[in-house]
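The values are calculated or read from the model by the stated rules, or taken from the named source; none is laboratory data. Here the structure is a predicted model, which means the values were calculated and not measured. Quick reminder, even Gly has a Cβ in these numbers, built from the backbone with ideal geometry, and neighbours come from all protein chains shown. Protein only, heavy atoms only, side chains kept; ligands, DNA and RNA dropped before computing areas. Shrake-Rupley method; radii C 1.70, N 1.55, O 1.52, S 1.80 Å.
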Amino acid sequence: MELLPADLLLELTARHLEPHRRYHDLRHVADLLIRGRGLGLSREQVMAIWFHDAVYDVPPDRNEERSAELCLRRLTTAGYDLTVCERVAQMVLDTAGHVPTIDESDLVIDLDLAPLADPWASFAANAELLREECHMVSDADWERGRREFLAGMLDRDRIFVTEWGAGLEAAARANLERALAGTP
């Protein structure tokens, strides 16, 4: 069976082109797929990348859960084996807390977090896009949530869980510390 049927790929593309998206858009999917080239991504991991932000509403309280539900429905309807559908949906769910519960989630999560290690200008530009995406969230709530996320990532023993991601750890930590310090 092909990776994704054309109609489903078009639906996912349209979802990632929704006008309210600034960061969680088609560029984000492309970025993950490009970063994943040469890493031996499985068919299921590629599907999870496509589905992991398929539903993106603000505030983003249940987006991964709703994306996983969509994933399960669409892949089942498209005729994929239920075990494949469930595995892809679990990878999507694992992107919520950035903690893998199944082996294949680890690389999907690391790819999703990889922009944390980008050069500072790109990291800062992504932060601006995320803020634009969440423009209806008050400044106080935004700053509180942002600081919680940044500090939470820094509190982890390891941000990245794969050998590939380990090479990004130092740069990501430097960016997170700089962002928390408010250093331009």
Next on the checklist: Can you report the number of residues in the range 53-76 which are out of contact with any His (no Cβ under 9 Å at 6 or more places or on another chain) and either modelled with pLDDT under 95 or part of a loop (DSSP other than H, G, I, E, B) (or both)?
Outcome noted: 4
Checklist entry - Do we find a residue being out of contact with any Ser or Thr (no Cβ under 7 Å at 6 or more places or on another chain) and either closer than 16 Å to Leu180 by Cα or open to solvent by 30 Å² or more (accessible area, probe 1.4 Å) (or both) anywhere in the range 103-112? => result yes
Next on the checklist: Condition first: without any contact (Cβ under 8 Å) to a residue 40 or more places away in the chain, open to solvent by 50 Å² or more (accessible area, probe 1.4 Å) and either assigned to a helix (DSSP H, G or I) or of a type in the set (Asp, Glu) (or both). Now tell me which residues in the range 174-184 satisfy that.
Outcome noted: Ala174, Glu177, Ala181
Checklist entry - Regarding Thr101, is this residue without any contact (Cβ under 8 Å) to a residue 40 or more places away in the chain and either touching a strand residue (DSSP E or B) at 6+ places or on another chain (Cβ under 9 Å) or of a type in the set (Val, Ile, Thr) (or both)? => result yes
Checklist outcome for this item: Picking from Ala140, Ala127, Ala151, the residue that is within 26 Å of Leu39 (Cβ to Cβ) and either open to solvent by less than 80 Å² (accessible area, probe 1.4 Å) or among the basic types (Lys, Arg) (or both) would be Ala127
Checklist outcome for this item: Residues in the range 104-156 that are touching a residue at least 24 places away in the same chain (Cβ under 8 Å), among the hydrophobic types (A, V, I, L, M, F, W, C) and closer than 17 Å to Asn63 by Cβ total 8
Item to check | Residues located in the range 16-47, provided they are closer than 24 Å to Asp118 by Cβ, in contact (Cβ under 8 Å) with a residue 12 or more places away in the chain, open to solvent by 40 Å² or more (accessible area, probe 1.4 Å) and assigned to a helix (DSSP H, G or I) | outcome: Leu26, Asp31, Leu33, Arg35
Checklist outcome for this item: Those helices (runs of 4 or more DSSP H) completely within the range 80-144 that have 2 or more residues that are within 20 Å of Gly167 (Cα to Cα) are 105-113, 120-133
Item to check | Residue count for the range 48-82, restricted to those that are under 16 Å from the mean Cα position of the chain (by Cα), open to solvent by less than 60 Å² (accessible area, probe 1.4 Å) and either small (Gly, Ala, Ser) or within 16 Å of Ser105 (Cβ to Cβ) (or both) | outcome: 11
Item to check | Within the range 157-169, considering residues that are part of a helix (DSSP H, G or I) and free of Cβ contacts under 8 Å to residues at least 24 places away in the same chain, the one farthest from Ser105 (Cα to Cα) | outcome: Ala166
